[in-house]
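Engineer: Quick one: the structure is below, questions incoming.
Derivation of every value follows stated rules applied to the coordinates shown; laboratory data play no part. From a predicted model like this one, the values you see are computed outputs, not experimental measurements. All Cβ positions, even for glycine, are placed from backbone atoms using ideal geometry, and neighbour counts span all protein chains on display.
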Amino acid sequence: MVGKYTGLSDSYLSVLKALLHASVSCHKKLVVDWVASTDLEDSTASEAPDAYKAAWTLLKGADGVLVPGGFGDRGVKGKMMAAKYARENNVPYLGICLGMQLAVVEFARHVMKFPDADSTEFNPNTKTPCVIFMPEGSKTHMGGTMRLGSRRTFFKVTDCKSAKLYGDVNYVDERHRHRYEVNPDMVPAFENAGLQFVGKDETGQRMEIIEIPDHRFFVGVQFHPEFKSTPSKPSPPFVGLIAAACGQLDQVLQDSCNGHVVAAKHKLGDSSSTPLVHQNGHAQKQANGGVANGTCHANGNGSTHG
Ligand SMILES: NC(=O)CC[C@H](N)C(=O)O
């Protein structure tokens, strides 16, 4: 988990719980290494070489990489380096909200060769604004610019890992909490370069899920799937990450397509579907015992980095 740790905030705890739910469903013990994203950055190599070395050793030893959501520009470079490392080395990657946005910026810089590419949250003057301010709601009402709460994502590509993980559904409802989004004007260029936008909102203008099809598992979601994860319905993107990290993804995708899910769902092409939406459940058989004890090992430095 590559983030910024000034103490474990609620959002990190939700992500951790979602990882636990997914690990239990894959019958695996979860080991979380916390990497402060600033420690991956070049400036740390000279200022604190030991921390730099330790951070890269942890990242390179990981079976999967998760970059969660966040605000503010501290550690953004390091998060992008983690996405680049995962993309180039075929290491399973899940980017959530900011973690997706930075994966898109990284792709623009290093695959599409736009060195200036950025989110306007971090560089308002960039000539290649691949993530831009896309507020929703009132600009005058206090707090009204945040795209907040449950929103619907429609799968535009059905033959993709995310759609399969969610159980071949037409759409999913997940929770949102952000102001910036992928620049829709740049989507054709991204798609030509190999980045797929497999999930979009109802207008087709808001990009919700990215994938790199020929990567083992490289998925980014603009929403926060961790908020809907429960022990009995582990969140599908988290199940995908964990399954890919332990070599079970093919089996999980196959099971998922064979209907091994418990929640009601909209089958693709089924026009007589019920109003129930499949919310987050690629349900798997639970391992014996709960998730509270003994399944998570954090390396203890989670709250010591600023
Ligand atoms: N929750 C998040 O990760 C927010 C991402 C980004 N800062 C935005 O506002 O869009």
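Engineer: Can you give me the number of residues within the range 78-93 that are in contact (Cβ under 8 Å) with a residue 40 or more places away in the chain and either more than 15 Å from the ligand (Cβ to nearest atom) or of a type outside the set (Lys, Arg) (or both)?
Structural biologist: Residues in the range 78-93 being in contact (Cβ under 8 Å) with a residue 40 or more places away in the chain and either more than 15 Å from the ligand (Cβ to nearest atom) or of a type outside the set (Lys, Arg) (or both): 9 in total.
Engineer: Cβ-Cβ below 7 Å, separation at least six or inter-chain, first residue in the range 95-108 and in contact (Cβ under 8 Å) with a residue 40 or more places away in the chain and within 11 Å of Gly70 (Cβ to Cβ), second surrounded by 24 or more Cβ atoms within 10 Å (Cβ to Cβ) and of a type in the set (S, T, N, Q): which pairs?
Structural biologist: Listed by first residue and then by second, the contacts come to Cys97/Gln222; Gln101/Ser119.
Engineer: Still on this structure, I have one more. Filter the range 205-224 for residues that are buried (at least 24 other Cβ atoms within 10 Å of the Cβ) and not aromatic (Phe, Trp, Tyr) and give the result.
Structural biologist: Met207, Glu208, Ile209, Ile210, Val219, Gly220, Val221, Gln222
Engineer: Of everything in the range 9-53, what is among the hydrophobic types (A, V, I, L, M, F, W, C), surrounded by fewer than 17 Cβ atoms within 10 Å (Cβ to Cβ) and more than 16 Å from the ligand (Cβ to nearest atom)? Give them in sequence order.
Structural biologist: Once the filter is applied, which keeps residues that are among the hydrophobic types (A, V, I, L, M, F, W, C), surrounded by fewer than 17 Cβ atoms within 10 Å (Cβ to Cβ) and more than 16 Å from the ligand (Cβ to nearest atom), the range 9-53 yields Val31, Ala45, Ala48.
Engineer: Those residues that are over 15 Å from the mean Cα position of the chain (by Cα) and not in a loop (DSSP other than H, G, I, E, B), I need them from the range 201-256; list them, please.
Structural biologist: Those that are over 15 Å from the mean Cα position of the chain (by Cα) and not in a loop (DSSP other than H, G, I, E, B): Leu249, Asp250, Gln251, Val252, Leu253, Gln254, Asp255, Ser256.
Residues checked against (1) within 25 Å of Pro92 (Cα to Cα); (2) within 16 Å of the ligand (Cβ to nearest atom):
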{"position": "Ala108", "(1), (2)": "yes, no"}
{"position": "Ser119", "(1), (2)": "yes, yes"}
{"position": "Thr126", "(1), (2)": "no, yes"}
{"position": "Val131", "(1), (2)": "yes, yes"}
{"position": "Gly149", "(1), (2)": "no, yes"}
{"position": "Ala163", "(1), (2)": "yes, no"}
{"position": "Ala193", "(1), (2)": "yes, no"}
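Engineer: Only residues that are surrounded by fewer than 20 Cβ atoms within 10 Å (Cβ to Cβ), over 15 Å from Arg152 (Cα atoms) and more than 16 Å from the ligand (Cβ to nearest atom): list them for the range 165-186, please.
Structural biologist: Across the range 165-186, the qualifying residue is only Asp185.
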